[in-house]
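Novice: Below are the structure tokens for one structure; questions will follow.
The values are calculated or read from the model by the stated rules, or taken from the named source; none is laboratory data. Predicted, not measured: the structure shown is a model, and the values here were computed from it. In this analysis, Cβ positions are derived from the backbone assuming ideal geometry, glycine residues included, and neighbour counts consider all displayed protein chains.
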Amino acid sequence: MKNRLTAGLCVALVVAALPAAAATFVHMDTEELIAGSAAVVQGKVLDTRSFWNAERTVIVTEARVEVEDLVAGDAPAVVTVKTFGGQVGDYRVVAEGFPTFAAGEEVLLFLSADGADFRVTGHQLGDYRIRRTAKGMLAVPTLPDGVRLFTKDGRLGARPKVQELGALKETIRQRHEIIHRRPAVR
């Protein structure tokens with residue numbers, strides 16, 4: 001009995017010492033991201049600005065992104081993307097699972113409209129960085145390893161994968177046309 005109690009205590013201590021998952025989000029595949037987005041853009045982050053919200057309860061960051069390719073939907077030449085987190089003075093808020101941006105980054109973003117501003121659809125699920133390699137351009141998901149994704153029925157969802165940028169954009173264009181096709185008016 002004493003050995004079982006000791007073994008149980010050891011297991012409990014090991015489990016307690018393991019890092020908890022940073023965040024949990026509802027899984028969204030590419031079709032769900034497209035369906036929930038007003039636009040999908042490829043562009044470059046021009047600058048960022050962090051500030052307190054009106055209630056002074058959370059820090060928000062705005063990133064201005066110059067749209068180089070409007071992959072799908074409607075968006076102006078420069079979009080303002082809002083996200084939670086950032087730093088104002090000595091105060092820093094890290095919003096796990098939410099996008100972060102830095103000037104000069106090349107991005108592919110699934111965007112939902114929020115008035116004149118935009119938010120990234122699906123938090124980091126709709127946020128990719130563009131990497132140039134000897135073999136071509138890649139769309140690299142920004143979702144950190146610690147974020148868990150669950151489907152609507154409670155199963156563990158698949159994590160987004162690195163994809164060839166041109167192929168991903170073509171898939172988005174094709175699926176957007178089907179998903180957002182409006183019935184013909186008679």
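Novice: Restricting attention to strands (runs of 3 or more DSSP E) lying wholly within region 68-186, give those where 1 or more residues are charged (D, E, K, R) and under 30 Å from Arg56 (Cβ atoms).
Specialist: 78-84, 91-93, 106-114, 117-120, 127-133
Novice: Condition first: at pLDDT below 95 and more than 23 Å from Lys169 (Cα to Cα). Can you find one or more residues in region 57-69 that meet it?
Specialist: Yes, the conditions are met somewhere in region 57-69.
Novice: Also, I was wondering about something else. Quick one: what pairs do we get from region 36-51, first residue touching a residue at least 40 places away in the same chain (Cβ under 8 Å), second surrounded by 15 or more Cβ atoms within 10 Å (Cβ to Cβ) and assigned to a loop (DSSP other than H, G, I, E, B), C-beta under 6 Å, 6+ apart or different chains?
Specialist: Gly36/Thr121; Ser37/Thr121; Ala39/Ala75; Val41/Ala75; Val45/Phe101; Val45/Glu105; Thr48/Phe101
Novice: Please state which of the following conditions Glu164 fails to meet, knowing it meets all the rest: (1) over 22 Å from Phe101 (Cβ atoms); (2) out of contact with any Lys or Arg (no Cβ under 9 Å at 6 or more places or on another chain).
Specialist: Of (1) over 22 Å from Phe101 (Cβ atoms); (2) out of contact with any Lys or Arg (no Cβ under 9 Å at 6 or more places or on another chain), only one is false for Glu164: (2).
Novice: Another one. Taking region 133-179, which residues are closer than 19 Å to Glu106 by Cα, under 18 Å from the mean Cα position of the chain (by Cα) and basic (Lys, Arg)?
Specialist: Lys161, Lys169
Conditions tested, residue by residue: (1) under 14 Å from Leu33 (Cα atoms); (2) buried (at least 16 other Cβ atoms within 10 Å of the Cβ); (3) touching a Gly at 6+ places or on another chain (Cβ under 9 Å).
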| site | (1), (2), (3) |
| --- | --- |
| Ala116 | no, no, no |
| Ala134 | no, no, no |
| Leu138 | no, yes, no |
| Asp145 | no, no, no |
| Lys152 | no, no, no |
| Arg159 | yes, no, no |
| Glu164 | no, no, yes |
| Ala167 | no, no, no |
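Novice: Within the bounds of region 40-49, is there any residue that is surrounded by fewer than 12 Cβ atoms within 10 Å (Cβ to Cβ) and touching a Lys or Arg at 6+ places or on another chain (Cβ under 7 Å)?
Specialist: No, region 40-49 contains no residue that is surrounded by fewer than 12 Cβ atoms within 10 Å (Cβ to Cβ) and touching a Lys or Arg at 6+ places or on another chain (Cβ under 7 Å).
Novice: State the number of residues belonging to region 76-122 that are of a type in the set (A, V, I, L, M) and either out of contact with any strand residue (DSSP E or B) (no Cβ under 8 Å at 6 or more places or on another chain) or at pLDDT below 95 (or both).
Specialist: 5
Novice: Hey, can you tell me all the residues within region 63-79 that are on the phi < 0 side of the Ramachandran plot and either buried (at least 16 other Cβ atoms within 10 Å of the Cβ) or free of Cβ contacts under 8 Å to residues at least 24 places away in the same chain (or both)?
Specialist: Residues satisfying the conditions are Ala63, Arg64, Val65, Glu66, Val67, Leu70, Val71, Ala72, Ala75, Pro76, Ala77, Val79.
Novice: From Val45, Val15, grab the single residue that is modelled with pLDDT of 95 or more and not in a loop (DSSP other than H, G, I, E, B).
Specialist: Val45
Novice: Among the listed residues Asp74, Asp69, Asp90, Asp153, identify the single one that is within 21 Å of His27 (Cα to Cα) and of a type outside the set (A, V, I, L, M, F, W, C).
Specialist: Answer to the check: Asp153.
Novice: Can you tell me which residue is surrounded by the most Cβ atoms within 10 Å (Cβ to Cβ) among those in region 96-114 that are in contact with a Lys or Arg (Cβ under 9 Å, 6 or more places away or on another chain) and over 25 Å from Met137 (Cα atoms)?
Specialist: Ala113
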